[in-house]
């Protein structure tokens, strides 16, 4: 039996309430807005297993073109609330890591958009400076500045 191979990871979806704030946060980080659209109809309902779905979507791309975030605002049905300040050890997807240049400068720019440092900036061996940042609606991202 032949196994089909995985081709690529296409995107990571993040449900948000304030789409414009999420776009601004990730744009400040350095992602590029590829486009925005609204989706609805039976095909969407069938994919996500909900009825009467209407979503606003913003697709954001990393500068290298290999990674994408799909930011999703549910117009209907309204999104259920999670715990926006859940700790980093909560089950499920808790963070997305981005490699950056000058971690302190990137952190400062994100803090101007309301981001908060979760712990502190820490050096891992001679390889990285690392930190976790909580952005809009509790989204956690990790920043990694390569030291080599």
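The values are calculated or read from the model by the stated rules, or taken from the named source; none is laboratory data. Only a predicted model underlies this, so the values are computations on that prediction, with no experimental measurement involved. All Cβ positions, glycine included, derive from the backbone under ideal geometry; neighbour counts span all protein chains shown.
How many residues does the stretch 76-115 hold that are closer than 17 Å to residue 143 by Cα and touching a helix residue (DSSP H, G or I) at 6+ places or on another chain (Cβ under 8 Å)?
Matching residues across the stretch 76-115 total 9.
Identify the single condition in (1) at pLDDT 95 or above; (2) under 21 Å from residue 23 (Cα atoms); (3) surrounded by 14 or more Cβ atoms within 10 Å (Cβ to Cβ) that residue 108 does not satisfy, given that it satisfies every other one.
It is condition (3) that residue 108 fails.
If you check 89, 51, which single one turns out to be outside any strand (DSSP E or B), assigned by TED's automatic domain parsing to the domain that holds residue 28 and either modelled with pLDDT of 95 or more or more than 16 Å from residue 14 (Cα to Cα) (or both)? Break it down stepwise before answering.
Numbers: 89 fails: assigned by TED's automatic domain parsing to the domain that holds residue 28.
51 is the lone residue from the list that is outside any strand (DSSP E or B), assigned by TED's automatic domain parsing to the domain that holds residue 28 and either modelled with pLDDT of 95 or more or more than 16 Å from residue 14 (Cα to Cα) (or both).
So, residue 44, is that one farther than 21 Å from residue 67 by Cβ, in contact with a helix residue (DSSP H, G or I) (Cβ under 9 Å, 6 or more places away or on another chain) and surrounded by 14 or more Cβ atoms within 10 Å (Cβ to Cβ) or not?
Judged against the criteria, residue 44 is not a match.
Residues in the stretch 31-43: is at least one without any contact (Cβ under 8 Å) to a residue 60 or more places away in the chain, part of a loop (DSSP other than H, G, I, E, B) and under 28 Å from residue 113 (Cβ atoms)?
There is at least one residue in the stretch 31-43 that is without any contact (Cβ under 8 Å) to a residue 60 or more places away in the chain, part of a loop (DSSP other than H, G, I, E, B) and under 28 Å from residue 113 (Cβ atoms).
Tell me, which residue of the stretch 1-28 that is in a loop (DSSP other than H, G, I, E, B) and in contact with a helix residue (DSSP H, G or I) (Cβ under 9 Å, 6 or more places away or on another chain) is surrounded by the most Cβ atoms within 10 Å (Cβ to Cβ)?
Looking at residues that are in a loop (DSSP other than H, G, I, E, B) and in contact with a helix residue (DSSP H, G or I) (Cβ under 9 Å, 6 or more places away or on another chain), I get 16.
Working only within the stretch 122-145, note down all residues that are assigned to a loop (DSSP other than H, G, I, E, B), loosely packed, with under 15 Cβ neighbours inside 10 Å and in contact with a strand residue (DSSP E or B) (Cβ under 9 Å, 6 or more places away or on another chain).
Of everything in the stretch 122-145, just one residue is assigned to a loop (DSSP other than H, G, I, E, B), loosely packed, with under 15 Cβ neighbours inside 10 Å and in contact with a strand residue (DSSP E or B) (Cβ under 9 Å, 6 or more places away or on another chain), namely 127.
Of all residues in the stretch 54-78, count the ones that are in a loop (DSSP other than H, G, I, E, B) and over 19 Å from residue 144 (Cα atoms).
Within the stretch 54-78, residues that are in a loop (DSSP other than H, G, I, E, B) and over 19 Å from residue 144 (Cα atoms) number 2.
Could you list all residues from the stretch 95-105 that are surrounded by fewer than 16 Cβ atoms within 10 Å (Cβ to Cβ) and touching a strand residue (DSSP E or B) at 6+ places or on another chain (Cβ under 9 Å)?
Across the stretch 95-105, the qualifying residues are 95, 96, 97, 99, 101, 102, 104.
Please enumerate the residues belonging to the stretch 62-84 that are surrounded by 10 or more Cβ atoms within 10 Å (Cβ to Cβ) and modelled with pLDDT under 90.
Result: 79, 82, 84.
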